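Down below is the structure, laid out as structure tokens.
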Amino acid sequence: MAATTTIPLLLLLLLAATVAAAAAAAELSVYHNVHPSSPSPLESIIALARDDDARLLFLSSKAATAGVSSAPVASGQAPPSYVVRAGLGSPSQQLLLALDTSADATWAHCSPCGTCPSSSLFAPANSSSYASLPCSSSWCPLFQGQACPAPQGGDAAPPATTTLPTCAFSKPFADASFQAALASDTLRLGRDAIPNYTFGCVSSVTGPTTNMPRQGLLGLGRGPMALLSQAGSLYNGVFSYCLPSYRSYYFSGSLRLGAGGGQPRSVRYTPMLRNPHRSSLYYVNVTGLSVGRAWVKVPAGSFAFDAATGAGTVVDSGTVITRWTAPVYAALREEFRRQVAAPSGYTSLGAFDTCFNTDEVAAGGAPAVTVHMDGGVDLALPMENTLIHSSATPLACLAMAEAPQNVNSVVNVIANLQQQNIRVVFDAANSRVGFAKESCN
């Protein structure tokens, strides 16, 4: 009798394990991509943030004509901060792809390419599942590819036997531009395989390649070209990441794909807003900031979302340090300085303008900064996300800054330094963004 009951019990346990495995989110390691020469976190962040202006210009640009959607294929930015290991082709060829939550398209440097930034290229000729997509493909306009040539001799359409040219497109990226062909192949992320994934196969780069991803980019935006859209029901419109700290470039975080058991239960969600002019971006509605227990007094409407002007707050993986619009940052800085009360005052260093001598401030004297959002989300930033210390001198800086004056100064950006060691969940299916504390180093 015992043996009879044991067999069904084992079957139930196996079934439960199978269901749990199917429900669990796929998980990939997230690595630091850039290793600055300075061992000091402060100096490292200053070096990485020098190219934030180009990224902010990209995020704040908007379609000039109402009703015209701008779908970014390639973003202007610094060297990407984080990368994941992915497989492309059959058999799979391993690539390190930059994470970009504000771009839709995935692209890879392909062989042959004499001007690409790395000699380790994806080789289409070695993949049995690779296919070039013609100019007539419905994907071509989404990638802003070249239209098919006009029919010859006044024919309404080319003969059925005519081979149409491959969809080709070129896009700027940072200080360079690249030329690519539209293609499809099997994309492998962890244990998951996504067949016929549409991407750009880069064949040449014009200009300096210092700030380009070495092997390619994974588009995690909200548009039809992005991972969530192309994966369909596989991930149910959900992904999350936990970014590792800049304190060590040997730390790694994780990217979780899908709505399964891998996503935290303690997450708190705020509504995700949509800007039709920049439909790829993840906007959230910030309602206020507090320093310690004091609310920061900002002008009315400072955080208001406005699709026409692009105003609002974007959660972005590619910007290094959080930027607030001028009136918001001025009020935040004033309250922070008031509470720290550094005897020798404050100095500027790089993008930071609130640096002080830590020997003059009592331990624990720096207050925490909390970002308040719709839905009752109070994102209390860990101290390492608020204050950056120098390892060489007794110096620390408030790790935020004012938006540069040469860009659309109405956009606030919650950047990756402030997101480190926080699980950020992007649930596009339910139009919400979630946050939960997590040590992901």
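The values are calculated or read from the model by the stated rules, or taken from the named source; none is laboratory data. Remember, it's a predicted structure, so these values are computed and weren't measured experimentally. In this analysis, Cβ positions are derived from the backbone assuming ideal geometry, glycine residues included, and neighbour counts consider all displayed protein chains. Areas reflect the complete protein model, heavy atoms only, side chains present, ligands, DNA and RNA absent. Shrake-Rupley method; radii C 1.70, N 1.55, O 1.52, S 1.80 Å.
Here each label is just a point 7 Å from Cα along the line to Cβ, and for S391 and S129 those points are 4.2 nm apart. Among 274-283, 367-376, the peptide with the highest mean count of other Cβ atoms within 10 Å heads the list, and the full ranking is 274-283, 367-376. Length gained on full extension, A304 to S266: 10.9 nm, using 0.36 nm per residue less the C-alpha separation. Enumerate the residues in segment 314-357 having an amide nitrogen under 15 Å from the point lying 7 Å beyond the Cα of R293 toward its Cβ. Residues 339 qualify, since their backbone N sits under 15 Å from the label point. This model, with +1 at the C-beta of Lys and Arg and -1 at the C-beta of Asp and Glu, gives segment 305-441 a dipole about its Cα centre of some 60 debye. Given a 1.4 Å probe and the protein chains as shown, F435 ends up with an accessible area of around 10 Å².
Rolling a 1.4 Å probe across the protein heavy atoms gives segment 268-437 an accessible surface of 36 Å² per residue.
Note on N357 and S248: their simple-model spin labels are 3.2 nm apart, each label 7 Å out from Cα toward Cβ. The apolar share of the surface of segment 224-272, taken as the fraction of accessible area on carbon and sulfur atoms (1.4 Å probe, ligands and nucleic acids excluded), comes to 49 percent. Length gained on full extension, Q144 to T347, computed as 0.36 nm times the residue gap minus the Cα-Cα distance: 68.5 nm. Backbone phi angles across segment 381-389, fed through the Karplus curve with coefficients 6.51, -1.76 and 1.60 (θ = phi - 60°), yield HN-Hα couplings of 6, x, 4, 5, 8, 9, 10, 10, 9 Hz in residue order; Gly and Pro are listed as x.
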